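Encoded as structure tokens, the structure appears first; notes follow it.
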Amino acid sequence: MKFYNKVALITGGTSGIGYSVAESLMKEGTKVAIVGRNSEKGEKALQKLKEIHSDVIYLSADISNSNDVRKMVRDTVTSFGHLDFAFNNASNAEGKPALTHEYSEDDFDKMMGVTIKGVWLCLKYEIQEMLKTGGGSIVNTSSLDALICSAGTTAYAAGKSGVIALTRAVAQEYGSYGIRVNTVTPGAIRTPMIERKFKDLTLEQAKLLEGKYSNSNAIGRLGKPEETAAAVTWLLSEEASYITGQNLIVDGGVSFIH
Ligand SMILES: NC(=O)c1ccc[n+]([C@@H]2O[C@H](COP(=O)([O-])OP(=O)(O)OC[C@H]3O[C@@H](n4cnc5c(N)ncnc54)[C@H](O)[C@@H]3O)[C@@H](O)[C@H]2O)c1
């Protein structure tokens, strides 16, 4: 029980990578608040996680809304007493891919609201709590799209690049207060986000896309959520006590091939 009595807050914790991190931390004794926007999905995730242990809650919040974020942090601390770990992972890659001249201002604002402002809001309120107890550890989720930018994903790519810079700046501000902040950058990981992409395609198109993802990396397959979760769990832990402001890329080698 490496994390006995530790408390973690995980945004986007009801599915995919976030859920997998919740499982990984809970298996080591962490008390966890998972955050999402869909109560039904949240309840389902909660019931499954309770099979590990009962110190887990679901909180509903839109991370682009400051009142929601303030409340989600407050509710976590009210339930479990303090905050040690945060995984700022929620975001949405969806929305119609479009070239810049066709992309709407409204979609751009929404994307920035979640990918950048959302992570900044989470950091702001989580750090306020961590300062009260003398430290903590935070991981933010970026994306390979921040490093290998594709046409039609400009807002997502810009937002996710911003996460890496934001992480470095915040890491500098709080390192001497015992707070470490790192980024994890996943490649193509088989989660509901990727499954939704496949669902919109014919079987043949989906096979082609899966082949493209698999062939673009050195390992030759998509990643599993638990493989990203293992990296996040390690970054959050004391084993990574001298690591801050870094970006850990979990992509099967795509980024060094390209
Ligand atoms: N799966 C991949 O291949 C991949 C690759 C690179 C980066 N990522 C990033 O990993 C993270 C996790 O995604 P995933 O693949 O596990 O997909 P997912 O769809 O399972 O998880 C994303 C979660 O974020 C939540 N979310 C989205 N917008 C939100 C908001 N405004 N407020 C609160 N919650 C919100 C969703 O409800 C969902 O639960 C995301 O930041 C995503 O951009 C994923």
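The values are calculated or read from the model by the stated rules, or taken from the named source; none is laboratory data. Not measured: the values here are computed from a predicted model. Don't worry about glycine lacking a Cβ; one is built from the backbone with ideal geometry, like all the others, and counts go over all protein chains shown. SASA here: full protein model, heavy atoms, side chains in, ligands and nucleic acids out. Shrake-Rupley method; radii C 1.70, N 1.55, O 1.52, S 1.80 Å.
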Check: Got a number for carbon plus sulfur as a percent of segment 196-255's accessible area, 1.4 Å probe?
Finding: 56 percent
Check: Number of Lys-Lys pairs in segment 1-60 under 13 Å by Cα, sequence gap 8 or more or different chains?
Finding: 7
Margin query: Please report the net charge: other residues with Cβ closer than 14 Å to the Cβ of residue 137, K and R +1, D and E -1.
Written below: -3
Margin query: Rolling a 1.4 Å sphere over the protein heavy atoms, what is the accessible area per residue of segment 7-257, to the nearest Å²?
Written below: 48 Å²
Item checked: Point-to-point label distance, residue 98-residue 110, nm (Cα→Cβ direction, 7 Å offset) -> 1.0 nm
Checklist line | In order through segment 98-107: 3J(HN,Hα) via Karplus (6.51 cos²θ - 1.76 cosθ + 1.60), integer Hz, x for Gly, Pro | finding: 8, 5, 4, 6, 10, 7, 7, 4, 5, 5
Next item on the list: Rounded to the nearest 0.05, what FRET efficiency do residue 177 and residue 241 give with R0 = 22 Å and r taken as the Cβ-Cβ distance? Could you check?
Entry: 0.95
Notebook entry, point to check: Residue separation times 0.36 nm, minus the C-alpha to C-alpha distance between residue 148 and residue 215: what's the value?
Noted result: 22.6 nm
Next item on the list: Calculate, for residue 165 and residue 43, the FRET efficiency according to 1/(1 + (r/R0)^6) with r their C-beta to C-beta distance and R0 30 Å; round to the nearest 0.05.
Entry: 0.25
Notebook entry, point to check: Relative contact order, percent, of segment 1-57 when contacts are C-alpha pairs under 8 Å separated by at least 6 residues?
Noted result: 36 percent
Next item on the list: Please get the size of the charge dipole for the chain, origin at its Cα centre, with Cβ charges of +1 on Lys and Arg and -1 on Asp and Glu, quoted in debye to the nearest 20.
Entry: 280 debye
Margin query: Between helix 39-49 and the chain, what is the angle of the helix's C-alpha long axis to the longest principal axis, kept within 0 to 90° and rounded to the nearest 10?
Written below: 70 degrees
Check: Counting other Cβ atoms within 10 Å of each Cβ, which GluC sites (Glu not before Pro) in segment 83-171 have at most 13 and sit in a DSSP loop?
Finding: 94
Check: Tell me which lysines have Cα within less than 17 Å of residue 199's Cα, excluding those fewer than 8 residues away on the same chain?
Finding: 96, 207, 212
Next item on the list: Would you mind checking segment 1-40 for residues with the amide N under 18 Å from a putative spin-label position 7 Å along Cα→C-beta of residue 53?
Entry: 1-10, 20-34
Next item on the list: Could you work out, for the chain, what percent of all Cα-Cα pairs fall into each 10 Å distance bin, beginning at 0 Å and stopping at the bin that holds the largest distance?
Entry: 7, 31, 38, 19, 4, 0
Check: Mind listing which trypsin sites (Lys or Arg not before Pro) in segment 150-249 are in a DSSP loop and have 13 or fewer other Cβ atoms within 10 Å?
Finding: 221
Checklist line | Placed amide H near residue 5: partners under 5 Å, 5+ positions off or other chain | finding: 31
Notebook entry, point to check: Do you know the relative contact order of the chain, to the nearest whole percent, from alpha carbon pairs under 8 angstrom that are 6+ apart?
Noted result: 19 percent
Notebook entry, point to check: How large is ³J(HN,Hα) for each residue in segment 209-215, as worked out from phi by the Karplus curve 6.51 cos²θ - 1.76 cosθ + 1.60 (θ = phi - 60°), to whole Hz, x for Gly and Pro?
Noted result: 5, 4, x, 5, 4, 5, 6
Next item on the list: Leaving ligands, DNA and RNA out of it, rank 177, 242, 4, 125 by accessible area with a 1.4 Å probe, largest first.
Entry: 242, 4, 177, 125
